[in-house]
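This report refers to the structure that appears directly beneath it.
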Amino acid sequence: MAEPKLDKPLIAPSASPRLPDFKQGLKLKYVKLGYHYLVTHAMYLFLSPLAVITVVQLSAFSLQDVHDLLGQLQYNIISVILCSSTLLFLSTLYFLTRPRPVYLVDFSCFKPDDDNKCSWQRFMKCSESIGTFTEENIEFQRKIMARSGLGESTYLPPAVMNIPPNPSMAGAREEAKMIMFGALDRLFEKTSVKPKDISILIVNCSLFNPVPSLSAMVVNHYKLRGNIRTYNLGGMGCSAGLISIDLAKDLLRVHPNSYALVVSMESITTNWYFGNDRSMILSNCLIRMGGAAVLLSNKMSDRWHSKYKLVHTVRTHKGSDDKCYTCVTQREDSIGKIGISLSKDLMAVAGDALKANITTLGPLMLPMSEQLPFFATLVRRKFFKVKVKPYIPDFKLAFKHFCIHAGGRAVLDELQKNLQITDWHIEPSRMTLYRFGNTLSSSLWYELAYIEAKGRVKKGDRTWQIAFGPGFKCNSAVWEALRTINPAKEKNPWMTEIDRFP
């Protein structure tokens, strides 16, 4: 099923600023962050090839070479002690500074039942039945739906689609259970890992934070062990999924031989907006039900059957700037109705945060053929004040696949233009937006599942996940495929209908 051809973007160019041009105003401090990472890991980067060279040299020794070497050393005990001590010191330093690898064993995305499908007509019928929206705002929602990039098969929870809607705490709990347990049941089935084997559990849900917590709900349902480390992240919006991955990475690097389970979701039931502030109505039109569960491991034995290895995570936070901090806010409108307000500065703020994030990521991932001209141009502009056009690296040389948060059609249009990527690269994001809508922190996993279902993931491919959210934050994660993914063996939400896309 092809994406509908829409003549107009979600937000008209004259009404809202576009993303800032990435060719302008690259800041040296973000480039320095990337090179700082390389410097802090210089010992590991130096010792790894040194160890390889040493092994290669030793493998070339013959028995006679070894005999001659021992004969020389037996008369020089000081040299023997010094060489042995140096070798022991370097070996110890290597193993102490070597980051523990983190593997993505598998992941699962929740696919709701057909009863939860929400066509445009059904959505508008629900909005009209509420009785609180003005005629002008009913028409506004109709226009947004037509231009949003969402298709006719996205999902909403039962409490929202009832006529009239009946949001409640009990309904929100049922929605959370449906999403989390649906994704987790499929994940445990796919991996054959037992719930008792999980050492770390991280659940992120931005707007629904009940007591007991959602992580406690998972522990109770699956009877997880008593010494499990649990974390419940709230208020972080669409970027929370990658924040959870980064947190899991840090925990796995200090807790050996462990599994970490990350659950990313959002609850819509108690967070539907019933007022007439258009900056809040927009989220009703875009946000849909969904969730994902991800199993991570630091066990060397899991490398051989895991899908991906985590290469890098880069987090950028712009919250110190008031404009960035207030561009996405949960608040009350003039009559006391609570909703998520999207500022007119959102596009500019998101673009600035993304530019800072990828400028930091560049030195870590780009090949030298791209880094050298980029760095040379930057030095000429910043230190010698030469007016030369900035060099924009080709990120397609560093990454095979792109998973860009499916926040909205206008955002994807702007990101495709600024990152200079093709329709093929942006396709997973567009199709996820069309089929499932904006599922917030879990959208990146629906996109990766789409790439797998298309049979595009080959061994050694690198995938770049990009997400941004309130605060304002932009986060990246880079994964390297450990094996070629066979779509015939996959079980994900796309498999029964993948041939219909794009």
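Observations on the structure shown:
- FRET efficiency for Asn166 and Lys143, using Cβ-Cβ distance with R0 set to 30 Å, rounded to 0.05: 0.65
- Diagonalising the gyration tensor over the Cα atoms of the stretch 289-372 and scaling each eigenvalue by 5 before taking the square root yields semi-axes of 35, 23, 9 Å, largest first.
- Extension gain from Asn209 to Thr134, taking 0.36 nm per residue of separation minus the Cα-Cα distance: 23.9 nm
- His317, His401, reordered so the largest accessible area comes first (probe 1.4 Å): His317, His401
- Convex hull volume per residue in cubic angstrom - Cα atoms of the stretch 144-281: 142
- Within-14-Å neighbourhood charge of Asn227 [Cβ basis; K, R +1; D, E -1]: +3
- Heavy-atom accessible surface of the stretch 354-502, averaged per residue, reaches 35 Å², computed with a 1.4 Å probe.
- FRET efficiency, Arg303 to Lys396 (Cβ-Cβ, R0 25 Å, nearest 0.05): 0.35
- Taking 17 Å as the straight-line reach from the Cα of Lys400, the aspartates and glutamates in range (excluding those fewer than 8 positions away in the same chain) are Glu370, Asp423, Glu427, Glu447, Glu452, Asp461, Glu480.
- The packing ranking, built from the mean of other Cβ atoms within 10 Å per residue, places the peptides 299-305, 457-463, 443-449 in the order 443-449, 457-463, 299-305, highest first.
- ³J(HN,Hα), Karplus 6.51/-1.76/1.60, whole Hz, each residue of the stretch 478-495, x for Gly, Pro: 10, 10, 10, 5, 8, 7, 6, 8, 8, x, 5, 9, 8, 10, 9, x, 8, 4
- Loop-resident chymotrypsin sites (Phe, Trp or Tyr not before Pro) (DSSP state other than H, G, I, E or B) in the stretch 356-418 with no more than 15 further Cβ atoms inside 10 Å of their Cβ: Phe383, Phe384.
- For Ser192 and Val388, the FRET efficiency from 1/(1 + (r/R0)^6), where r spans their Cβ atoms and R0 equals 41 Å, is about 0.15.
The values are calculated or read from the model by the stated rules, or taken from the named source; none is laboratory data. Quick caveat, the model's predicted, so the values are computed rather than measured. Neighbour counts run over all protein chains shown; Cβ positions are idealised from the backbone, glycine included. What goes into the accessible areas is simple: the full protein's heavy atoms, side chains included, and nothing from ligands, DNA or RNA. Shrake-Rupley method; radii C 1.70, N 1.55, O 1.52, S 1.80 Å.
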